[in-house]
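A quick write-up on the structure given underneath.
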Amino acid sequence: MALTPSLSAEVNVPIESERDIVIARQRGRELARMLGFSSTDQALLATAISEVARNIVIYAQKGTVLLRGLDEGGRRGLLISAEDHGPGIEDPAAAMRDGYSTGTGLGLGLPGAKRLVDEFELESKCGVGTTVTMKKWSQ
Ligand SMILES: Nc1ncnc2c1ncn2[C@@H]1O[C@H](COP(=O)(O)OP(=O)(O)O)[C@@H](O)[C@H]1O
Ligand SMILES: [Mg+2]
C-alpha cells in the first residue's frame, strides 16, 4: 500500500537568515504534528531544529535543513538533516560537550539537541562542511 502523503512528506528548507530558522522550526513542527507526535514532542523537535539551523547561520552562513517523515516497520518518526559546506568543526568530540563554544554561545546547542532526539549523528570535516542527522520516533 502506498504511504499516506503525511508519511512520505519531505521538506527542504534553505537556511541563511534568522527568518529561515523560524521557517524550519514551523515546518518541522507541522510535519511532527502530521506524523502523530505529541505537542510536547513537537516543541522539543522544533527546539532541536532551531539549534542546528542557528549553527548553520552563525558558523557556516548558509546551508539546508531537510525534514522527512519516516515509516520503518510501522514506526513513525521524523528525520532532520542539517547540512552545510561551511568551515567544518575542528574538534567534533569537543563540540558535543556541554559548554563548549568557539563563539559567544552557551555551547549547549549540539549536546542539547542530542538529548531531545532518539538518534543523533554529527559528521564534520574542516574545510568541507558539517552534517547533523537526527531521528525521533513517535511510537
Ligand atoms: N554548522 C557548523 N559549522 C561549523 N562549526 C559548528 C557548526 N555547528 C556547531 N559548530 C561548532 O560547534 C560548537 C558547539 O556548538 P553548539 O553546541 O551549538 O554551541 P554554540 O552554538 O553555543 O557555540 C560551536 O561553538 C562551533 O564551534
Ligand atoms: Mg549553537
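Name the residue, out of ALA60, ALA9, that is over 17 Å from VAL117 (Cα atoms) and more than 14 Å from ligand 1 (Cβ to nearest atom).
Exactly one residue qualifies, and that residue is ALA9.
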- Across the range 87-109, what is the number of residues that are more than 10 Å from ligand 2 (Cβ to nearest atom), over 11 Å from TYR59 (Cα atoms) and touching a residue at least 12 places away in the same chain (Cβ under 8 Å)? 5
- Residue tally, condition buried (at least 16 other Cβ atoms within 10 Å of the Cβ) and either free of Cβ contacts under 8 Å to residues at least 12 places away in the same chain or touching a strand residue (DSSP E or B) at 6+ places or on another chain (Cβ under 8 Å) (or both), over the range 110-138: 18
- In the range 41-86, residues that are assigned to a loop (DSSP other than H, G, I, E, B) and buried (at least 17 other Cβ atoms within 10 Å of the Cβ) total 1
- Message: When you scan the range 9-16, do you find a residue that is modelled with pLDDT of 95 or more, outside any strand (DSSP E or B), within 16 Å of the chain's Cα centre (by Cα) and not hydrophobic (A, V, I, L, M, F, W, C), even just one?
- Response: yes
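The values are calculated or read from the model by the stated rules, or taken from the named source; none is laboratory data. All values derive from a computational prediction rather than experimental measurement. Cβ: placed from backbone, ideal geometry, glycine included. Neighbour counts: every protein chain shown.
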